[in-house]
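Here the structure is laid out as structure tokens; the discussion comes afterwards.
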Amino acid sequence: MQITRAFSESLTTYPMYTWTVLGATTSWVLMEAPSPIAFAIVYFRSDNAFKPVPLILCGMYLFHYVYRSFIYPFRMRGGHKRKPIVTGLVAFAFNTANGWTNAFAITVLAPHLLSTDWLTDPRFIIGVIVFAAGWIINQQSDAILLKLRKPGEGGYKIPEGGFYRWLSSPNYFGEIIEWVGFALAAWTVPAWVFAWFTGTNLIPRSFSNHRWYRDHFSEYPKKRRAILPFLL
């Protein structure tokens, strides 16, 4: 997920974290995979695993993380680059805890999710729609970045199209929306904590990316914002 990428970028600015052991692709898989694996293990051990609402939420969570863990890293550029070991260790721990707590919450700690009545609750309906919208924005933005440079091509370019018309980091914007939608649909403490954590990590990164683009490209669109269209 984008949080891991942002955390990795921030750590590499400090010399004490420069020791590296794995390429970016392998490192990414090892950092992200604990989330869907921990989630699936906890979730499918529950007697409530096949009740309608938890099953939908499970699908939403795994829909994001299976792609992010096992497909995206093999599409991204720069898979040969080395990554700090501390990044992997911290991300591994966070993603394991995040998967475990969210699965446990929706199958055990949230009685409202065990009734089909929740399927018609406005929070659930709006949450699913918001999650889907965020996922589409995130996927579209990642696709634009992946196609920005041809294989073997170096240098940086200004992304164009999609939500890049309005934002410097629409991939981060999409991911924040995704997890806010998930939190609405689940209405559990771990889901809201994760949405909050996503925002507090990716919003500062978005402003950093925005400043970098402006500093390096004199022709960078002045109307483009960092993380919130037309506002921020």
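No lab work stands behind these numbers, since they all come straight from the coordinates. None of these values were measured; they are calculated from a predicted model. Virtual Cβ from ideal backbone geometry, glycine too; neighbours counted across all protein chains shown.
Once you sort the root eigenvalues of the Cα gyration tensor of the stretch 98-146 as a ≥ b ≥ c, which label holds: rounded (a/c under 1.5), prolate (a/b larger than b/c) or oblate (the other case)? It is oblate, given that a/c is not under 1.5 and a/b is not larger than b/c. Residues of the stretch 119-143 with an amide N closer than 17 Å to a point placed 7 Å from the Cα of W192 along the Cα-to-Cβ direction: 122-128. Computed from the C-beta positions of Y220 and V90 and an R0 of 41 Å, the FRET efficiency is 0.80 to the nearest 0.05. Between the listed residues F197, V130, M76, the Cα displaced farthest toward the positive end of the dipole of the stretch 72-206, a dipole computed from Cβ unit charges relative to the Cα centre, is found at M76.
Taking a Cβ cut-off of under 13 Å around I227, the surrounding Lys, Arg, Asp and Glu residues balance to a net charge of +3, with basic ones at +1 and acidic ones at -1.
Take 67-76, 32-41, 172-181, 218-227 and order them by the average number of nearby Cβ atoms within 10 Å per residue, most first; the result is 172-181, 32-41, 67-76, 218-227. If you plug the beta carbon distance of I126 and A97 into 1/(1 + (r/R0)^6) with R0 = 25 Å, you get a FRET efficiency near 0.40.
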